[in-house]
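Presented below is the structure to which this report refers.
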Amino acid sequence: KMCSVLKVSRSSYYRWFSGGPSNRSIENSLFTDLIKEVFDLSSQTYGSPRIAEQLKRKGYKISKRKVAKLMLLNGWRSKLKKR
C-alpha cells in the first residue's frame, strides 16, 4: 500500500527502508564535527577559508565551499575582530 502511495516499486522501497545512512551523510557528519572543533579552537573567528586550510593541513580533503555550506547549515558565522 505504501509503495502505491509513493509510486515506487516494492523492491526499491524495501532497499531504502533496510539501508543505513548514505556515505555522504556519514562524511558530512564527520566533517561537521571537525569543522566545529576548529571553529571553537579559533574562538569562533575563523571562516571557511581558514578552517578548510586547517583541515587540509591535518590531512583531510575538503574544499572551502563544502566548509562554508556545512557552516551555513549549522548557523555558524565567524566573529569579526575590531581593528
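The values are calculated or read from the model by the stated rules, or taken from the named source; none is laboratory data. Here the structure is a predicted model, which means the values were calculated and not measured. Virtual Cβ from ideal backbone geometry, glycine too; neighbours counted across all protein chains shown.
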What's the number of the condition Q44 fails, among (1) modelled with pLDDT of 95 or more; (2) touching a Lys or Arg at 6+ places or on another chain (Cβ under 7 Å)? (1)
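May I ask you to list the residues in region 12-34 that are polar (S, T, N, Q) and either within 30 Å of R65 (Cα to Cα) or at pLDDT 90 or above (or both)? Outline the logic, then answer.
Step one: of region 12-34, the residues polar (S, T, N, Q) are 12, 18, 22-23, 25, 28-29, 32.
Across region 12-34, the qualifying residues are S22, N23, S25, N28, S29, T32.
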